[in-house]
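Since the structure comes first, as structure tokens, the remarks are kept for the end.
The values are calculated or read from the model by the stated rules, or taken from the named source; none is laboratory data. Remember, it's a predicted structure, so these values are computed and weren't measured experimentally. Don't worry about glycine lacking a Cβ; one is built from the backbone with ideal geometry, like all the others, and counts go over all protein chains shown. Surface accessibility is based on the protein's heavy atoms, side chains included, excluding ligands, DNA and RNA. Shrake-Rupley method; radii C 1.70, N 1.55, O 1.52, S 1.80 Å.
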Amino acid sequence: MAVQFTTTQKQRLIELDAPADKLAACFGSQEERNQGFATLQDELITKNKALLQSLRDGLGRPLLRQMETQLALALVEAGFVEVVTPATLAKEALYRMGIDETHPLWKQIFWLEDGRCLRPMLAPNLYALLSRLGKLWPAPIRIFEVGSCYRKESKGSCHLSEFTMLNLVELGLENSPEQRLQELIALVMAKVGLEYQLVSEESEVYGQTVDVLIAGDLEAASGTWGPHPLDEKWGITESWVGVGFGLERLTMVKGGFGQIRRVGRSLIYLDGARLNL
Ligand code: ATP
Ligand code: MG
């Protein structure tokens with residue numbers, strides 16, 4: 001009879017980022033299985049320790065933060081200006097994005113006092129800034145923000161309730177929005193250094209969107225363009241493109257990790273490594 005790892009053993013091995021095929025290993029007896037567990041645990045502990053050591057000996061900054069810096073510099077080089085906006089939103093800003101009580105995202109919002117919430121996305125703040133900067137600067141206006149977004153999530157290995165979005169927008173386009181969106185996605189993905197595919201999707205918020213898929217079918221970003229019906233509420237009249245990348249998803253795939261929580265904000269993981277070794 002084939003013996004598999006116990007639930008507790010599996011849990012420990014998942015914590016240490018054991019690959020799926022090793023988790024599913026079968027043994028001839030309980031003794032062999034326990035021996036197999038001890039050996040694999042040792043290997044994985046060594047690997048996690050090596051990761052932490054290379055963080056300390058190397059650049060001293062987690063992969064996520066390095067990626068954030070490289071992407072910010074590449075965007076500035078491409079004529080974008082970085083903006084920094086509040087992590088909280090008024091309920092009104094969600095309504096203006098077309099997100100109300102009937103929208104699926106509504107149930108994922110973390111509410112604060114006075115009808116404010118933690119931002120589930122950067123788009124409302126970027127819309128607000130575009131509308132103001134549009135009155136001050138000649139087109140094209142190119143801005144981006146990198147910051148935490150918050151959503152109540154029930155799904156496992158690719159969702160965090162606090163994650164880092166990089167959202168860029170360009171207002172006042174010279175060419176077709178679809179073409180410009182593809183160019184900007186290519187610019188970011190070349191810096192990240194991952195292969196990707198583009199897929200057209202229908203989004204509840206924006207209508208037509210283009211998703212960037214990595215590692216098969218993991219969504220790393222969603223992009224869209226206007227003129228769009230929501231624009232009027234924000235006082236936007238020119239054509240635009242925008243795309244939001246999830247930096248933890250990019251980091252997870254780039255770093256070869258099995259679960260997103262390894263690279264997210266954490267007290268038990270640091271730069272992909274487990275800390276209770
Ligand atoms: P999904 O369908 O995978 O839940 P989404 O389409 O709801 O994602 P968007 O609103 O398009 O997500 O957000 C843009 C990007 O932000 C996504 O492509 C993804 O990379 C990232 N992202 C969204 N939600 C999360 C989350 N809970 N944890 C980590 N990254 C996320
Ligand atoms: Mg999406």
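Before moving on, here are some points about what is shown:
- The set of residues in the stretch 128-149 that are touching a strand residue (DSSP E or B) at 6+ places or on another chain (Cβ under 8 Å), open to solvent by less than 50 Å² (accessible area, probe 1.4 Å) and either among the hydroxyl-bearing types (Ser, Thr, Tyr) or in a loop (DSSP other than H, G, I, E, B) (or both) comprises GLY134, PRO140, SER148.
- Scan of the stretch 215-256 for residues that are away from ligand 2 (no atom under 13 Å from the Cβ) and assigned to a strand (DSSP E or B), ordered by number: TRP225, GLY226, TRP240, VAL241
- Checking the stated criteria, LEU184 turns out not to satisfy the condition of being assigned to a strand (DSSP E or B) and surrounded by 15 or more Cβ atoms within 10 Å (Cβ to Cβ).
- Selected residue (only one of LYS152, LYS233 is surrounded by fewer than 16 Cβ atoms within 10 Å (Cβ to Cβ), more than 14 Å from the chain's Cα centre (by Cα) and within 16 Å of ligand 1 (Cβ to nearest atom)): LYS152
- Options PRO124, PRO104: the member that is within 17 Å of SER203 (Cβ to Cβ) and in contact with a helix residue (DSSP H, G or I) (Cβ under 8 Å, 6 or more places away or on another chain): PRO124
- Selection status of SER239, within 15 Å of the chain's Cα centre (by Cα), closer than 26 Å to GLU92 by Cβ and surrounded by fewer than 22 Cβ atoms within 10 Å (Cβ to Cβ): no
- Qualifying residue in the stretch 196-206 (condition: assigned to a loop (DSSP other than H, G, I, E, B), open to solvent by 10 Å² or more (accessible area, probe 1.4 Å) and at pLDDT 95 or above): yes
- Filtered residues of the stretch 159-177 (kept if within 16 Å of ligand 2 (Cβ to nearest atom) and part of a strand (DSSP E or B)): PHE163, THR164, MET165, LEU166, ASN167, LEU168, VAL169
- Single residue of the stretch 140-158 satisfying the filter (away from ligand 2 (no atom under 16 Å from the Cβ) and at pLDDT below 95) that is farthest from LEU247 (Cα to Cα): SER154
- Within the stretch 207-230, the only residue that satisfies the criterion of being without any contact (Cβ under 8 Å) to a residue 24 or more places away in the chain, open to solvent by 10 Å² or more (accessible area, probe 1.4 Å), closer than 15 Å to VAL169 by Cβ and within 17 Å of the chain's Cα centre (by Cα) is SER222.
- Qualifying positions in the stretch 63-122 - among the acidic types (Asp, Glu) and either assigned to a loop (DSSP other than H, G, I, E, B) or free of Cβ contacts under 8 Å to residues at least 40 places away in the same chain (or both): GLU77, GLU92, ASP100, GLU101, GLU113, ASP114
- If you filter the stretch 199-209 down to residues that are within 10 Å of ligand 2 (Cβ to nearest atom) and in contact with a strand residue (DSSP E or B) (Cβ under 7 Å, 6 or more places away or on another chain), you find that the one that is farthest from GLY134 (Cα to Cα) is GLU201.
- Scanning the stretch 15-24 for residues that are in contact with a helix residue (DSSP H, G or I) (Cβ under 9 Å, 6 or more places away or on another chain) and surrounded by fewer than 17 Cβ atoms within 10 Å (Cβ to Cβ) returns LYS22, LEU23.
- Within the stretch 25-53, the residues that satisfy the criterion of being open to solvent by 80 Å² or more (accessible area, probe 1.4 Å) and under 16 Å from THR6 (Cβ atoms) are CYS26, GLN30, GLU31, GLU32, GLN35.
- Any hit, the stretch 32-55, residues being farther than 15 Å from LEU277 by Cβ, in contact (Cβ under 8 Å) with a residue 12 or more places away in the chain and assigned to a strand (DSSP E or B): no
- Going through (1) at pLDDT 95 or above; (2) within 22 Å of the chain's Cα centre (by Cα); (3) within 24 Å of SER154 (Cα to Cα) one by one, PRO104 falls short only on (1).
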